[in-house]
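Engineer: Structure provided below as structure tokens; questions to follow.
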Amino acid sequence: MKVKIAFDLEETRKISWQEEFPKTTKCCRCKGNARLGFVAHETQDYKKGNKYVSQLYENMKDKKFWLHDCCCVAVYFCEECLKPTALYNQA
């Protein structure tokens, strides 16, 4: 697996598989304001032996959902509780 990490807000906007990640989002724990910390982008490189997050578990379709393609994950940290919140998208 090849992963690109971006910390700079402008850089993070260039590596999403779909829409840009927002600068802030609602904390999934306390509902406070969570600010973007970094984005990890799993790149498509289908050379033999490369592994992807989507290959860790089977997508069972019976309420045991899992990713089906390369992913991009944005990690946010809450201003109130400092707990992490994440948003993601897939290729």
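The values are calculated or read from the model by the stated rules, or taken from the named source; none is laboratory data. Bear in mind the structure is a predicted one, so any value in this text is a computation, not a measurement. No Cβ is skipped: glycine too gets one built from the backbone with ideal geometry, and neighbour counts run over all protein chains shown.
Engineer: Quick check on my filter: what residues within segment 19-51 are surrounded by 15 or more Cβ atoms within 10 Å (Cβ to Cβ), under 13 Å from residue 75 (Cβ atoms) and within 12 Å of the chain's Cα centre (by Cα)?
Structural biologist: 21, 36, 38, 39, 40, 41
Engineer: I would also like to ask the following. State the number of residues belonging to segment 26-72 that are more than 23 Å from residue 5 (Cβ to Cβ) and among the aliphatic types (A, V, I, L, M).
Structural biologist: 1
Engineer: Given 54, 16, which one is surrounded by 13 or more Cβ atoms within 10 Å (Cβ to Cβ), assigned to a loop (DSSP other than H, G, I, E, B) and small (Gly, Ala, Ser)?
Structural biologist: Of the residues listed, the single one that is surrounded by 13 or more Cβ atoms within 10 Å (Cβ to Cβ), assigned to a loop (DSSP other than H, G, I, E, B) and small (Gly, Ala, Ser) is 16.
Engineer: Then there's this: What pairs come out if I take residues in segment 64-89 that are part of a loop (DSSP other than H, G, I, E, B) and at pLDDT below 95 and pair them with residues that are surrounded by fewer than 17 Cβ atoms within 10 Å (Cβ to Cβ) and of a type in the set (Gly, Ala, Ser) whose C-beta lies under 9 Å away, six or more apart or interchain?
Structural biologist: What qualifies is 69/91; 70/91.
Engineer: I need the full set of residues from segment 36-91 which are charged (D, E, K, R) and out of contact with any helix residue (DSSP H, G or I) (no Cβ under 8 Å at 6 or more places or on another chain), in order please.
Structural biologist: Residues satisfying the conditions are 45, 47, 48, 51, 58, 61, 62, 63, 64, 79, 80, 83.
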